[in-house]
Amino acid sequence: MTQEQKTALASQLGECLTHNILPYWLDRMIDPAGGFYGRRDGFDTLDAKAPKGAILNARLLWTFSAALRHTGNQRYREAADRAYDYIVRHFIDREFGGVYWSLNPDGTPADTKKQFYAIAFTIYGLAEYYRATGREEALEEAIVLFDDIERHSYDPEKGGYLEAATREWNPIDDMRLSDKDANSCKTMNTHLHILEAYTALLRVWPFPTLVEAQKRLLDVFLTRIMDSSTGHLGLFFDRDWHMTDKTISYGHDIEASWLLLEAAEVLGDAEMYERVLKATRRIADAALQGYCFDGSMVYERHASGSYDNEKHWWVQAETLVGLLWLAKYHGRPEALDLAALTWNYISANLIDREAGEWYWSRLPDGTVNRRDDKAGFWKCPYHNSRMCLEALSIL
């Protein structure tokens, strides 16, 4: 890829961020009663009575904080302040700690379980908000939530982190993030996003207990979660780290290939960095087994050997970032051309040019997926905004 081509790609990605993704959330998702609405369906119809999810709100906090830090746009500051104020007033459980999984539209608690994935994303958003604004109380809130994870989720006997607990931090029977997930007590997904959150917190609070926790977590990925024979990441495990599902998630593999390396880079431990550098080259190559001739990435390969060929928005976004990191950190310049091809796929197939934002996916028959949300509990501006910001930084 020539410098001229890099400049052109960066310009298109910057335009996507500031004229397609972020305006959608500012113009269509702000709830006058407080915070953000919980959902717009696949036809972009507002569902004002939808519950408000912790994941959506934490990711909105991260997105607008990161956009503010990169651009200085005060509209993004206002949106970040809105997300922060709503989280600290409504989502954080002031009696038992942690964050509620969801709220009713009026801001009262709905599902009060403690999903450590959601707590991690709240740390992620708070740390980025502090980095962007210097608001000290945001850092204080993030540190308290870090302590909650270490106290209630960390498994000192077997290593790693448990999935969920009741509001009062007691064991819970159903630990699933969603109906699509296996009911396992340890998952790659939760570990990946605790790692991501700890990386963000390390940037602003390099405290010894956090440093040690991040070292342990990286070691868990290299010795427990990564399959040394294939380079793929296992998805679901029991407490003793026996893999309970043989599904391969190409999207999570490519996402992890750069998040793990970012974590090691921020950690600053030279020995760990070299271990992770070697491992993430392998993970990225394994992920690219799902890469298609048109620049898209397959979603999953099931244990049976069949493929789920739906082209999810977040998988394509993480593929573009993973390819850019593969070029920058692993000496694979051809990955830049693949990243441009992935952008061409995204641009032609996933971006809604009329209403803004991206569609959830393209179905295997090539049609737009309207059955899943345009904005909602799991459909947030974090993957695609982060893609744009990472690409602008690298290019």
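The values are calculated or read from the model by the stated rules, or taken from the named source; none is laboratory data. Just so it is clear, the structure is predicted and the values come from calculations on it, not from any experiment. Because the Cβ atoms are built from the backbone with ideal geometry, glycine has one as well, and the counts that use them run over all protein chains shown. Calculation scope for accessible area: heavy atoms of the full protein, side chains included, ligands and nucleic acids excluded. Shrake-Rupley method; radii C 1.70, N 1.55, O 1.52, S 1.80 Å.
Within segment 150-171, residues that are closer than 20 Å to Ala197 by Cβ sit with their Cβ atoms under 9 Å from residues that are in a strand (DSSP E or B) and open to solvent by 30 Å² or more (accessible area, probe 1.4 Å), at 6+ positions apart or across chains, in these pairs: Gly160/Tyr154; Tyr161/Tyr154; Leu162/Tyr154.
The listed residues are Tyr86, Tyr129, Tyr124, Tyr100, and the only one of them that is among the hydroxyl-bearing types (Ser, Thr, Tyr), buried (at least 16 other Cβ atoms within 10 Å of the Cβ), in contact with a Leu (Cβ under 6 Å, 6 or more places away or on another chain) and under 19 Å from Phe36 (Cα atoms) turns out to be Tyr129.
Checked against (1) open to solvent by 30 Å² or more (accessible area, probe 1.4 Å); (2) touching an Asp or Glu at 6+ places or on another chain (Cβ under 6 Å), Leu259 passes all but a single condition, namely (1). Within segment 215-229, the residues that satisfy the criterion of being open to solvent by 60 Å² or more (accessible area, probe 1.4 Å) and either over 16 Å from Glu157 (Cβ atoms) or polar (S, T, N, Q) (or both) are Lys215, Thr223, Ser228, Ser229. Within segment 97-138, being of a type in the set (Lys, Arg), closer than 18 Å to Leu202 by Cα and not in a helix (DSSP H, G or I) holds for one residue alone: Arg135. Filtering Tyr329, Tyr345 for residues that are of a type in the set (Ser, Thr, Tyr), touching a residue at least 40 places away in the same chain (Cβ under 8 Å) and farther than 21 Å from Gly231 by Cα leaves a single hit, Tyr345. Would segment 42-49 turn up any residue that is touching a residue at least 60 places away in the same chain (Cβ under 8 Å) and crowded, with 21+ Cβ neighbours inside 10 Å? No. Where the second residue is polar (S, T, N, Q) and part of a strand (DSSP E or B) and the first is in contact (Cβ under 8 Å) with a residue 24 or more places away in the chain and lies in segment 288-313, which pairs have Cβ atoms under 7 Å and are six or more apart or on separate chains? These pairs meet every condition: Glu300/Ser249; Glu310/Ser361; Lys311/Ser361; His312/Ser361; Trp313/Ser361.
Of the residues Lys180, Lys186, Lys215, Lys246, which single one is among the charged types (D, E, K, R), out of contact with any helix residue (DSSP H, G or I) (no Cβ under 7 Å at 6 or more places or on another chain) and under 30 Å from Leu139 (Cα atoms)?
On the way: Lys180 fails: under 30 Å from Leu139 (Cα atoms); Lys215 fails: out of contact with any helix residue (DSSP H, G or I) (no Cβ under 7 Å at 6 or more places or on another chain); Lys246 fails: under 30 Å from Leu139 (Cα atoms).
None of the other options fit; the residue is Lys186.
Here are Leu68, Leu60: which of them is in contact with a Lys or Arg (Cβ under 7 Å, 6 or more places away or on another chain), in contact (Cβ under 8 Å) with a residue 40 or more places away in the chain, under 17 Å from Ala132 (Cβ atoms) and crowded, with 17+ Cβ neighbours inside 10 Å? Full working, then the answer.
On the way: Leu60 fails: in contact with a Lys or Arg (Cβ under 7 Å, 6 or more places away or on another chain).
Being in contact with a Lys or Arg (Cβ under 7 Å, 6 or more places away or on another chain), in contact (Cβ under 8 Å) with a residue 40 or more places away in the chain, under 17 Å from Ala132 (Cβ atoms) and crowded, with 17+ Cβ neighbours inside 10 Å holds for just one of Leu68, Leu60, which is Leu68.
Look at Trp314 and say whether it is outside any helix (DSSP H, G or I) and under 19 Å from Trp62 (Cβ atoms). For Trp314, the condition - outside any helix (DSSP H, G or I) and under 19 Å from Trp62 (Cβ atoms) - is not met. For segment 361-387, the set of residues classified as out of contact with any Lys or Arg (no Cβ under 6 Å at 6 or more places or on another chain), buried (at least 21 other Cβ atoms within 10 Å of the Cβ) and outside any helix (DSSP H, G or I) consists of Lys379, Pro381, listed by residue number. Criterion first (under 30 Å from Leu210 (Cβ atoms), open to solvent by 10 Å² or more (accessible area, probe 1.4 Å), touching a residue at least 40 places away in the same chain (Cβ under 8 Å) and not in a loop (DSSP other than H, G, I, E, B)) does Lys278 satisfy it? Considered against the rule, which asks whether it is under 30 Å from Leu210 (Cβ atoms), open to solvent by 10 Å² or more (accessible area, probe 1.4 Å), touching a residue at least 40 places away in the same chain (Cβ under 8 Å) and not in a loop (DSSP other than H, G, I, E, B), Lys278 comes out as no.
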